[in-house]
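Bear in mind that the values in this text are calculations on the coordinates, not laboratory data. Since the model is a prediction, treat every value here as computed from it, not as a measurement. Glycine gets a Cβ as well: all are built from the backbone with ideal geometry, and neighbour counts include every protein chain shown.
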Amino acid sequence: MVSSQTSIPVLECSGLSYSIGRKSVLKNVSFSVFPNEVLFVRGMNGSGKTTLLKSILQHDKFKDRIKFPSFSPKLSYLGHDLGLYTTLSLEENLEYFRGIAGDCRPEDQIVSWLKDFRLWQRRKDPVSSFSRGMKQKAALVRALLPNVDLYLLDEPLTALDSEGESKARAVLENVLDTSSIIMVTHDPNFSLNAKFRLLELGENSK
Ligand SMILES: Nc1ncnc2c1ncn2[C@@H]1O[C@H](COP(=O)(O)OP(=O)(O)OP(=O)(O)O)[C@@H](O)[C@H]1O
């Protein structure tokens, strides 16, 4: 369902422009993210989707453009670099991130997600032994482990099979009960059973 909500946004971005060297990557980008909503960010390769997520992570540098009207939200990021220690087991990774993250989702929720993703039996194996899709699922669980207000997910369903994608959809809908998500996706048909908005970035790399 497309959102028509008028509550206070978690994040408000107005007129954000960003250049790398002489290349203009983001041109006058404006959008809002509301509580318990997902913002899908789409656009061609090179249109600035990853740059936008990284700009939000570095929001201190863009104080006049990226604002948090009600409170400064806690953020969690999943990028193309999956952010896992591949010589450690999945269980060790999650223990490590639980240790540094502070407030985290309950253990039983994480166990349930690992079972849904068929990772539970492999939790003691080094992440380096995982397939590409398994690494992606592990990285998604790692990113969603901290209990934060806003998740920044860059193509989080890359390499997932149809079962994995369906489970990931349920996990993301679960997360939206308490948080908001900005999700980069190339799939125009991807949807969640949640309120959503769309941000289409222009292609600036010609
Ligand atoms: N470190 C960098 N140095 C120079 N140019 C960069 C750098 N990072 C990104 N860019 C340029 O910024 C533009 C946007 O890149 P970005 O990764 O944000 O695009 P994207 O929309 O996420 O692309 P994709 O769909 O391929 O992941 C591209 O033209 C890219 O070449």
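From zero outward in steps of 5 Å, how is the percent of C-alpha pairs of segment 94-149 spread across the bins?
With 5 Å bins starting at 0, P(r) equals 4, 19, 32, 26, 15, 5, 0.
Let me test this: with uniform point scatterers at the alpha carbons of segment 62-206, what is the Debye-based log₁₀ I(q)/I(0) at q = 0.15, 0.16, 0.18, 0.20 1/Å?
Normalising to I(0) and taking log10 leaves -0.79, -0.89, -1.11, -1.33.
Relative to the first principal axis of the alpha-carbon coordinates of the chain, what is the inclination of helix 132-144, with its axis defined by its Cα atoms, in degrees from 0 to 90 and to the nearest 10?
The answer is roughly 70 degrees.
Can you compute the radius of gyration and Dmax for segment 1-95, using only the Cα atoms, both in Å?
15.8, 46
In angstroms, what radius of gyration and Dmax does segment 150-189 have, counting Cα atoms only?
Gyration radius and largest Cα-Cα distance of segment 150-189: 10.2, 27 Å.
Which loop trypsin sites (Lys or Arg not before Pro) in segment 124-177, with loop taken from DSSP, have no more than 14 other Cβ atoms within 10 angstrom of their Cβ?
The qualifying sites are K124.
To the nearest 10 degrees, how steep is helix 90-101 against the longest Cα principal axis of the chain, on a 0 to 90 scale?
Taking the Cα atoms of the chain, the angle to 90-101 is about 50 degrees.
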